[in-house]
Every structure is written in C-alpha cells, then in structure tokens.
1. Give me a count of the residues in the stretch 274-295 that are surrounded by fewer than 22 Cβ atoms within 10 Å (Cβ to Cβ), without any contact (Cβ under 8 Å) to a residue 60 or more places away in the chain and not in a strand (DSSP E or B).
2. Could we say that residue 336 is over 25 Å from residue 212 (Cα atoms), crowded, with 23+ Cβ neighbours inside 10 Å and more than 20 Å from the chain's Cα centre (by Cα) here?
3. Quick one: which of 363, 262, 301 is assigned to a loop (DSSP other than H, G, I, E, B) and assigned by TED's automatic domain parsing to the domain that holds residue 201?
4. For the stretch 184-207, which positions are in contact (Cβ under 8 Å) with a residue 60 or more places away in the chain and assigned to a strand (DSSP E or B)?
5. Can you confirm whether residue 431 is part of a strand (DSSP E or B), farther than 22 Å from residue 84 by Cα and modelled with pLDDT of 95 or more?
6. Tell me, yes or no, whether the stretch 321-333 has at least one residue that is at pLDDT 95 or above, within 21 Å of residue 52 (Cα to Cα), in a loop (DSSP other than H, G, I, E, B) and touching a strand residue (DSSP E or B) at 6+ places or on another chain (Cβ under 7 Å).
7. Check whether at least one residue in the stretch 83-103 is over 23 Å from the mean Cα position of the chain (by Cα) and at negative phi, and report yes or no.
C-alpha cells in the first residue's frame, strides 16, 4: 500500500497538472474578487413557475411537517384568488391575484409592500381604456342576443323550418362579426383559470407578469413600472407562465412570442399554439430551445420552429434533462431525444413510450437521478426508469377527495405531491415507495409549491402561507 501511495504522488506529470489546476483556481478567484470590488453584478438565474421550470429546489432545506396550527410562520389574505404559484426573489414574494393584480410581499413577515393593476386603462390610459370597456360591455349584450337566437334556432330545427333557420343563421353570423370587432382586446376571462393563472418570473432585478387578457408587464422589484403592453389575445383558458432566457421574455398566449425583456418590444413570433401548460427551456448542444406543451421545439435566437408535434399535452408541461424531453400525456408517458443537425432543423427521436395510467395528468412531472415522477389527477403516482421507460412502481396516494392539480415538486431530499383539498404527501425519492409525512391545510389550493431555504410558500384560494419547521 505504501509503494502505491508513493507512486501515485511522485508522478511528475501529476504534480505539474495539480500545480496548473491550483494556478487556474487562484487566477479565477482573483478575477472574481476584482470584479466584485469593481461592483460588477452577476446575473441571477431566472426564477419563476416551478423554480426554473423543472420543479426542483436542490438548495432547499424544506419542512416536512405542517398543519393549520403548527409551523405556520405567517398567513396573509390575498386581494383575490389565483391558480398561479408564488415566486420568491431575495426577500420578496410575488403573486398574481384577481382581477388583474401583481402583488409583492415581504418574505420575512408577509407585509404587503406594493400592488399594481393590469387593466386596459393601465395600459392605454383613461380615454382608450374606457372605450375598450364600453366595447366589451356592448359585446356582452350581443352575446346575450346570440344566446337567445341560438335557442330560437334549436326550436326552428326541431320544427324543420328551413326558412327560419337560414334567417337566424345570417343574423347570428352578423352578430358574431360585430362581437369580433368589439373584442379585439378580449374580455377578462372567467372560469377556473380566470385572468391570473400565469406565475410571475424574475431575473433578480425585475419581475414579469402575464395576464389572461394578453397584458404583459415588467416592474422593478420595488414596484417601479418598466413597461406594460398588450401583446395579443390569448387562446381559450390561458394559463401558460412566462419564461426568461437569453434576455428574452417568452410568453405563450395564442402564439409563442419573444419580447425583449428590457424594453418589451416584440423580437419574434412563432406559430406554435398555446396549451394550458407552460413552455420550458432546453439546451440542445449549446443552443437554447423552447419546448412547448404542444410538442414544438423553437429556437430562442430567432423563433424558428425546428420540430413540431413531438407530443400533445392537455394541461401539464414537459420536463427536460440531458437532451431528453419527458411528456406526461393523458395516454401515457413519452420520452423524446432532441439533437442538433447540419441543417437548421432539430433531429428528434422517440426514446420510449409507456402506456402508464390512462388518465388526465394535470400535474407536471419531475426528473431526478434517472427516475421520472408523474401523478394523475386521481392521485396515482408512477415512477418510471427514465432511461429504459420501464415502470418502477405505481402507488395510489389515497387522498381524501380533491384532485392533483399542483405539480410534483422535489425540494432538498424530499418529493412533494399535493391536491386541491390542501393535502400534501411527503416522500423520499427512489425506487421504493417511502412516505415521510402527510400534511394538511384546511384551505385548498391548486398552485404549485415554492421553496426557499428552510421555508415553503403556498398560495391557496384565499391566503398566502409561509411555512417553516420550528
């Protein structure tokens, strides 16, 4: 053993190699020190929905036990409901709230620091904003007329009155044309997703928000407006969260649109239809790409669509690791490898497909240490070998009612699965099911969990919670 040690460390080439490493490290440290002394700021990685879109918070030291009476650091009532997740940036927490609010709280104690409205009047001014509101009110009246005419049409159809049917058809078409002109700027969406389903994102200096009317904004962390604009009318039930990459703010409204994050000016538009899920970033051989829930791969540099229709997700988002995109479709799970090519198009190949549970997957998956974690809306957890596509185990989580809307989250050493009844199951990741705890809040939620340090932030329908294990 002694001779092996002597031989290992007496190698002159190894000694030279170690000396070069030491010198390189020293130079790097000196360079960093000089830059820091000169006041050079290092850009923080963007933070937004599911942290960086992966659902992973590796630096967290998260709580694993809480309920309404324990480990609640603070709880504040929000101005309105929202499906969007909270986002923590330094000592601040950002949320959106109905009807069209971006709200900032102090992370330490939950004090509300500022709130900014995103109505048409805020974008266009009093006069034009009032005109848009008048047009929308007129459109609502016409919609009521169309609804009544549709009932008449049903009666005429039952009576086989073709002349009446033709007359009603023309009247309805005319009204629809009028409504389309009045709603170039769309009405505030209702339903479950409503106007504030998109989670804000931040580059550490500014916070960006997207609303269901197509209004997008940038504010400094202290609430100073950088810019606010109407981009385009979104598709139905908009809920896609924005993404920051290479100085561009990617928003998925109707099309996929890249805005200059600094100015708000449109850089490019790609005809890749929006879904309920959010786009994610993939690095393909040094090139930044956007992967959409509809299976399109779009180059960030110029908006060129380099691949289409790789999968179809109804509600969730894909996740990416090492050049492989994983998509939890309702029909099963699909893994697609994405690579560059000599041409401008990407080379895609289906790595594997598994049937899995034939059920809706509202929650987006998590990839970790070669395993993919997906869960159906009924609470069936499936762990799949990400390389081979083989099922490792399947487990019903036995939630009492509700459905799994929040996405799967990995914080520190623990996996978190929550449902709309306020229940959260805490697990250890791995090839065997190991439940650590079950936590319950009486206030249900659909937004995904956000972790920062030892704290967990949860957005319910009515409250924003800060949780830390004491």
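The values are calculated or read from the model by the stated rules, or taken from the named source; none is laboratory data. Model, not experiment: these values are computed from the prediction. Virtual Cβ from ideal backbone geometry, glycine too; neighbours counted across all protein chains shown.
1. Selection size over the stretch 274-295: 3.
2. On the way: over 25 Å from residue 212 (Cα atoms): yes; crowded, with 23+ Cβ neighbours inside 10 Å: yes; more than 20 Å from the chain's Cα centre (by Cα): yes.
In short, yes.
3. On inspection, the qualifying residue turns out to be 262.
4. 201, 202, 207
5. Criteria not met by residue 431.
6. There is no residue in the stretch 321-333 that is at pLDDT 95 or above, within 21 Å of residue 52 (Cα to Cα), in a loop (DSSP other than H, G, I, E, B) and touching a strand residue (DSSP E or B) at 6+ places or on another chain (Cβ under 7 Å).
7. Pass one, the stretch 83-103, residues over 23 Å from the mean Cα position of the chain (by Cα): none.
Looking for residues that are over 23 Å from the mean Cα position of the chain (by Cα) and at negative phi, one finds none in the stretch 83-103, hence no.
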